[in-house]
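A short worksheet on the structure shown next.
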């Protein structure tokens, strides 16, 4: 996959490094001298393009016409919006992701403006805090389908309702699918007759309501009195 990232701050540089390590083709556009000094230390030079990310000539030089994904993650919301509009309306990029720095600007980041996924950091952090408080020790690994579903992980605690119970006998909520069980460093594929044990780490695909019910089955009994 070819991903074009505009914005070489911490978000952009970390995302570039992560995608490169996964074998993707990535190019990062940045124009600020101080940021360029840092990313040249961290990333291969062939992945870095110097210039204004909202300049069509710079975008074309970096290969936007071949990009499958564009991520506008600069610290300037106006610039991110301009990049999204150009990517969609001028270059026809199929998947566009934008960072929202100021929550007051969130209403602008719509599909009509070319944005497929808007990353509102303030809202995201608020949701994460709310989930951490409501779901005990359950960890959200990734959000899917625009946040409707989540891949979560939780260790089964001693005394939990699920400990010592076969999966087929668990009152799993709707929209909950157990994806895997990590036990003593080994992955176990969940089957109906698989008996869950304390200290197992369970991976599950859930919606919000199912996450709460699953947390009640797997978590500390004292967390859900």
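Read-outs: derived from the displayed coordinates by stated rules, not from any lab. Fair warning: this is a prediction, and the values are worked out from it, not measured in the lab. Please note: Cβ atoms are built from the backbone with ideal geometry, for glycine as well, and neighbour counts cover all protein chains shown.
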Equivalent ellipsoid semi-axes, the chain, via Cα gyration tensor eigenvalues times 5, rooted, Å: 41, 19, 16
Extension length gain for residue 41 and residue 25 (0.36 nm per residue less Cα distance), in nm, is 3.9 nm
What is the list of residues in region 43-72 whose amide nitrogen lies under 17 Å from a point 7 angstrom out from the Cα of residue 94, following Cα to Cβ? 64-71
Going by Cα centres, region 142-219 and region 55-101 are how many Å apart? 38 Å
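Over the chain, calculate the relative contact order: mean separation of alpha carbon pairs under 8 Å at least 6 apart, over the residue count, as a percent.
The value is 14 percent.
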What angle do you read, to the nearest 10 degrees and between 0 and 90, between the alpha-carbon axis of helix 121-134 and the longest principal axis of the chain? 10 degrees
Starting from the 7 Å offset along Cα-to-Cβ, what nm value, one decimal, do you get for the label separation of residue 68 and residue 55? 2.9 nm
Surface/4 estimate of mean projected area, convex hull on alpha-carbon atoms of region 2-123, nm²: 6.8 nm²
Can you tell me how much longer the chain between residue 198 and residue 175 gets when fully stretched, taken as 0.36 nm per residue apart minus their C-alpha distance, in nm with one decimal? 5.9 nm
In nm, to one decimal, how far is the residue 140 label point from the residue 158 one, both placed 7 Å along Cα→Cβ? 3.1 nm
Before anything else, pin down the relative contact order of region 2-123: Cα pairs under 8 Å, at least 6 apart, normalised by residue count, whole percent. 23 percent
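Please report the antiparallel percentage of the DSSP beta bridges confined to the chain, to the nearest 5.
50 percent
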